[in-house]
Amino acid sequence: MPTVWFVLVAFMLAAYVVLDGFDLGAGILHLFVARTNEERRMVLRAIGPVWDGNEVWLIAGGGTLFFAFPLLYASSFSGFYLPLNMVLWLLILRGIGIEFRMHLDNDVWRDFFDGLFSIGSLLLTIFFGAALGNVIRGVPFQPDHSFFEPLWTNFRPGADAGVLDWYTVLAGAVALIALTVHGANYLALKTEGDLGRRSRAAARSLWPLLAALTVASCIATLLVRPQVTNNYTAHPVGFVIPVLVAASLIRMFLAHRAANDRRAFLSSCAYLAFMLVGAAFALYPSVLPSSNPAVDDLTIYNTAAGSYSLTYGVIWWSVGIAIAVGYFVLLYRMFRGKVSLHSGEHGY
């Protein structure tokens, strides 16, 4: 059962990154590809019906983590207290930026809230990438599996590393470019005219940087934590995952050349999903590695809830996820196709 719940938590976090990822990417591009107020309204209409629903996956993933691996939840939420509070404020400010921009008929306030939306989206993306970098790199556990990391120390991975060092900053850069490309692919799919063309051009121009950062991050991971190859060498079937990552990047490049927006967006979805699957496969059975050689990792076995709870929890989780998936399928079918300023009223 701990393995089952490891897979379920990984699935929910991957769903959040893929779905809310294009919202974050659209926010990052909001002030760059949209030149006029009408075009910025188009960006918001493209994500308006779905952005808040997509964030439910983050909340549900956190709840699932608390249910299945309570010790991991307790340790990580106390150790990452400062960055988690920053993420919370960024989520709040991003939501304010989206919802408030049309409530005041004033150019200054509208530009202010547009800025909140873009800056909040950009910083959230970097922090989420840095968070994954911390998980892969490991944290400085005390013997009782508690830890605290300052925001930064000397920018070097090691026993006294902070939340930000050169490796986690690189992970944040990968997340920033990956989700910006993902958002650009989504906007190209959902919008027309100059806005769609600029979004398509942004995705195409950022693709080489995404490919280079992907390779650089893989090399850096091998340098910082060589243990990530253990599962791959023990189970060679896992090497299909990096092949699928490369294939999704190549397919995205070909889709950009063919101006096939749907294929490009689906390729960026696959890229994000396979990158996260690769990280989960490398970490298993650890859920939070230790950078302190004297203290063991937190694993699915020493952090899991009782077997009775895990067994019956699968039943209720399955019911809940079936309802959620059905809702999302209905929602995305209702709002499929291109958006325009006259396609319904969302308040943007």
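Could you tell me whether any residue of region 113-127 is under 12 Å from Phe80 (Cβ atoms), small (Gly, Ala, Ser) and buried (at least 21 other Cβ atoms within 10 Å of the Cβ)? Looking through region 113-127, none of the residues is under 12 Å from Phe80 (Cβ atoms), small (Gly, Ala, Ser) and buried (at least 21 other Cβ atoms within 10 Å of the Cβ). Looking at Leu82, is it at pLDDT 90 or above, aliphatic (A, V, I, L, M) and either in a helix (DSSP H, G or I) or crowded, with 20+ Cβ neighbours inside 10 Å (or both)? No: the conditions fail for Leu82.
When the test is whether a residue is surrounded by 18 or more Cβ atoms within 10 Å (Cβ to Cβ), in contact (Cβ under 8 Å) with a residue 12 or more places away in the chain, more than 29 Å from Phe32 (Cα to Cα) and among the polar types (S, T, N, Q), Ser291 passes it.
Within region 336-343, the presence of a residue that is surrounded by 12 or more Cβ atoms within 10 Å (Cβ to Cβ) and in a helix (DSSP H, G or I) is excluded.
Of all the residues in region 1-51, those that are touching a Leu at 6+ places or on another chain (Cβ under 9 Å), among the aromatic types (Phe, Trp, Tyr) and free of Cβ contacts under 8 Å to residues at least 60 places away in the same chain number 2.
If you filter region 134-159 down to residues that are among the aliphatic types (A, V, I, L, M) and part of a loop (DSSP other than H, G, I, E, B), you find that the one that is farthest from the chain's Cα centre (by Cα) is Ala159. Can you give me the number of residues within region 199-214 that are buried (at least 20 other Cβ atoms within 10 Å of the Cβ), more than 18 Å from the chain's Cα centre (by Cα) and among the small types (Gly, Ala, Ser)? Count: 2.
Among the numbered conditions (1) more than 20 Å from the chain's Cα centre (by Cα); (2) modelled with pLDDT of 90 or more, the only one that Glu99 does not meet is (2). Of everything in region 247-265, what is under 20 Å from Ser205 (Cβ atoms), part of a helix (DSSP H, G or I) and not charged (D, E, K, R)? Give them in sequence order. Passing the criteria: Ser248, Leu249, Ile250, Met252, Phe253, Leu254, Ala255, His256, Ala264, Phe265.
Residue-wise test of (1) in contact with a Leu (Cβ under 9 Å, 6 or more places away or on another chain); (2) more than 27 Å from Arg41 (Cβ to Cβ); (3) part of a helix (DSSP H, G or I).
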| position | (1), (2), (3) |
| --- | --- |
| Ala161 | no, yes, no |
| Leu179 | yes, no, yes |
| Leu187 | yes, no, yes |
| Gly196 | yes, no, yes |
| Leu210 | yes, yes, yes |
| Ala220 | yes, yes, yes |
| Val237 | no, yes, yes |
| Pro242 | no, yes, yes |
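Count of region 279-324 residues, restricted to those that are under 23 Å from the mean Cα position of the chain (by Cα), aliphatic (A, V, I, L, M) and at pLDDT 90 or above, is 11.
Yes or no: Met42 in contact with a Gly (Cβ under 6 Å, 6 or more places away or on another chain) and part of a helix (DSSP H, G or I)? Considered against the rule, which asks whether it is in contact with a Gly (Cβ under 6 Å, 6 or more places away or on another chain) and part of a helix (DSSP H, G or I), Met42 comes out as no. Taking the criterion of being within 12 Å of Phe147 (Cα to Cα) and small (Gly, Ala, Ser), the residues of region 75-100 that qualify are Ser75, Ser76, Ser78, Gly79.
The values are calculated or read from the model by the stated rules, or taken from the named source; none is laboratory data. Keep in mind that this is a model prediction, so the values were computed, not measured. Here the Cβ is made from the backbone with ideal geometry for all residues, glycine too, and neighbour counts use every protein chain on show.
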